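K.L.:
Pasting a structure here, questions to come.
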Amino acid sequence: MSAEQTFADKFLAEAAEIVARLDRASLEKAARMIGELRASGGRLFILGVGGSAANASHAVNDFRKIAGIEAYAPTDNVSELTARTNDEGWATIFEAWLKTSKLQAHDAVLVFSVGGGDVERNVSPNLVAALKLAKAVGSKIIGVVGRDGGYTARVADVCVLIPVVNPVHVTPHSEAFQAVVWHLLVSHPAVKVEQTKWESTAGTQ
C-alpha cells in the first residue's frame, strides 16, 4: 500500500474489482430459476452460518415481501436451532429442519457461505448434509459463495462465485457481496413483483 493509498482506498478498489468480475450469466440464470420457482409454487429455503445466517434472515424478508416467494431460513428459529444442535449435533441441524419442512422437488435451497461447506475439513458440514438431502429429493440448489465454493459449488444448479481478489479479505467480501447478489435478484424483472417503499415514494416529497 503506497503512502497515498489508504486502507479504505484499497478495500473499495477490491470491491470494485469483484463487481467487474462477477459472472453475469450465473446471476441471470439464478434470477430465471427463482422466477420459475415462484411460478411453480415452490418454496425457497435459505441457509447460512455466522454472518451468512444474518444475511439469510434479511434475504428471507426481501424474497417474501418484494418477490412474493414463500421463503424461510432455519436460523430464524433459535430455539429449534439450539435444541437440534444440543440433542442431535451441529452437522445435521439444517438437514433435519428441511426434513420436517418436507423439502420437495419443486422447492429450492439457496446457500450463502464463504467456503460452501467441506466435510473433510469439518467446515460447515451442516450445509453439506442439507445439500445432499436437496439433491436426493430433486430440489434446485443455488449458491452464493466465496473461495472455491466448496461442496456448494460442486452440486449447485447455479452458483454465483464471489471472486477472490485478496485472500486476506475473503470473508468480508464474500459476506458483503451475498447482500449485493440477493438484492440484485429481488430487483430483477424476472423476480420482483412489489415496489420497494422508498422508490414508491419518489417524487412525493
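Rule-based calculations on the coordinates, nothing more; no lab input. This structure is a prediction, so every number in the text was calculated from the model and none was measured. Glycine also receives a Cβ, built like all others from the backbone with ideal geometry; neighbour counts cover every protein chain displayed.
K.L.:
So how do 28, 199, 95, 194 line up by other beta-carbon neighbours within 10 Å, fewest first? Each step should come with its number before you reach the end.
P.N.:
Numbers: 28 15, 199 8, 95 23, 194 12.
In order of increasing Cβ crowding within 10 Å: 199, 194, 28, 95.
K.L.:
Run lengths n ≥ 4 of DSSP H only: what is the helix-derived mean residue ellipticity at 222 nm for the chain, with -39500 (n - 2.57) per run over all residues, to the nearest 500? Spell out each step's value before the answer.
P.N.:
On the way: 9 runs with 106 residues, N = 205.
Per the formula, -16000 deg cm²/dmol.
K.L.:
List 43, 64 from most exposed to least, where exposure is judged by having the fewest other Cβ atoms within 10 Å.
P.N.:
Working: 43 19, 64 16.
Listed from fewest to most nearby Cβ atoms, that is 64, 43.
K.L.:
With θ set to phi - 60° and the Karplus curve 6.51 cos²θ - 1.76 cosθ + 1.60, what are the ³J(HN,Hα) couplings of the stretch 61-69 in order, to the nearest whole Hz, using x for Gly and Pro?
P.N.:
Each residue's phi maps through the Karplus curve to give 4, 5, 5, 6, 7, 8, 9, x, 10 Hz.
K.L.:
For the stretch 1-108, what number results from the quotient of the Cα radius of gyration and 2.2 N^0.38 Å? Spell out each step's value before the answer.
P.N.:
Working: Rg = 18.3 Å, N = 108, 2.2 N^0.38 = 13.0 Å.
My calculation over the Cα atoms of the stretch 1-108 gives 1.41.
K.L.:
Another one. Compute the Cα gyration tensor for the chain, then decide on rounded, prolate or oblate, letting a ≥ b ≥ c be the square roots of its eigenvalues: rounded whenever a/c is under 1.5, prolate when a/b is larger than b/c in the other cases, and oblate in all that remain. Before the final figure, lay out the partial values.
P.N.:
Numbers: a/c = 1.71, a/b = 1.16, b/c = 1.47.
The shape class here is oblate.
K.L.:
Per residue of the stretch 152-163, what does 6.51 cos²θ - 1.76 cosθ + 1.60 with θ = phi - 60° give for ³J(HN,Hα)? Whole Hz please, x for Gly and Pro, Karplus curve as stated.
P.N.:
For the stretch 152-163, the Karplus curve yields 4, 5, 6, 10, 5, 6, 8, 10, 8, 8, 7, x Hz.
K.L.:
What is the total of Lys pairs in the stretch 24-192 with C-alpha atoms under 13 Å apart, excluding same-chain pairs fewer than 8 positions apart? Could the numbers behind the result be given before it?
P.N.:
Numbers: 29/140; 65/192; 99/132; 99/135; 132/140.
Qualifying lysine pairs in the stretch 24-192: 5.
K.L.:
Pull out a ≥ b ≥ c, the square roots of the eigenvalues of the alpha-carbon gyration tensor of the stretch 99-205, then state rounded if a/c is under 1.5, prolate if not and a/b is larger than b/c, and oblate in the remaining case. Intermediate values should be presented prior to the final figure.
P.N.:
On the way: a/c = 2.83, a/b = 1.37, b/c = 2.06.
Cα axes put the stretch 99-205 in the oblate bin.
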